[in-house]
Amino acid sequence: GVAALVAGLGVLACANGGQQLTAPAVTLKPAAPTAVERVSVTGSGHYVGPNDNWRTFAFAAVQMPDGSVQGRFSGGVHGGERLAHWSGPIVCLVVDGNEAWFGGIYERAPINPALVGTGFVVKVVDNGEGRGADPDMISRAMRGGSDCTTRPTPNPEFFYEVASGNIQVHR
């Protein structure tokens with residue numbers, strides 16, 4: 001470091017017959033903070049859930065440079081005489097390849113007000129685009145908190161093919 005540079009200049013000065021040498025200006029800069037990888041996930045569409053009910057979904061989340069996450073989700077169940085919908089902020093996001101987990105907090109749930117303030121995690125899989133691609137996948141909300149860093153595995157019974165729409169995982 002700096003001590004080695006100063007010692008090296010002293011040796012060089014002695015080897016130069018004692019003539020005065022001027023050290024080059026050295027500017028030390030602090031290391032740049034490590035940038036957080038910018039990842040995001042978006043999706044909208046529907047899947048067919050239990051009792052052949054249509055379940056709609058829409059979400060968008062992005063990880064900010066400081067590591068925080070910004071986004072929103074909404075969803076609904078449409079079937080028979082039942083119509084339920086919910087929405088709220090997305091507070092966490094983890095992306096691994098074509099898979100993503102996002103966690104949110106129910107802010108609005110008129111048909112089930114007990115959900116308001118509770119957290120959940122959803123897993124999605126982006127299987128590509130076009131006719132040759134497998135369908136994208138989405139889990140039902142896994143309740144119990146909004147910490148997606150644990151990357152919970154959804155029960156296969158509640159992990160669905162997207163019937164229409166699209167999910168995109170961006171790295």
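Before moving on, here are some points about what is shown:
For every residue, the table says whether it meets (1) modelled with pLDDT under 85; (2) within 25 Å of residue 171 (Cβ to Cβ).
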| residue | (1), (2) |
| --- | --- |
| 18 | yes, no |
| 25 | yes, no |
| 28 | yes, no |
| 31 | yes, yes |
| 36 | yes, yes |
| 68 | no, yes |
| 85 | no, no |
| 94 | no, yes |
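- Here the strands (runs of 3 or more DSSP E) wholly within the range 33-79 that include at least 3 residues being loosely packed, with under 15 Cβ neighbours inside 10 Å are 69-79.
- Filter result for residue 126 (closer than 22 Å to residue 48 by Cβ and open to solvent by less than 50 Å² (accessible area, probe 1.4 Å)): yes
- The condition of being under 12 Å from the mean Cα position of the chain (by Cα) and among the acidic types (Asp, Glu) holds for only one of 107, 99, 161, 157, that being 99.
- Residue pairs meeting the criteria (Cβ under 6 Å; at least 6 apart or on separate chains; first among the basic types (Lys, Arg), in the range 84-113; second open to solvent by less than 50 Å² (accessible area, probe 1.4 Å)): 108/87
- Scanning the range 80-107 for residues being small (Gly, Ala, Ser), in a strand (DSSP E or B) and more than 18 Å from residue 147 (Cβ to Cβ) gives a total of 2.
The values are calculated or read from the model by the stated rules, or taken from the named source; none is laboratory data. Here the structure is a predicted model, which means the values were calculated and not measured. Every residue, glycine among them, receives a Cβ derived from its backbone with ideal geometry; neighbour counts consider all protein chains shown. The protein model used for the area step is the full one, side chains on, heavy atoms only, and it has no ligands, DNA or RNA in it. Shrake-Rupley method; radii C 1.70, N 1.55, O 1.52, S 1.80 Å.
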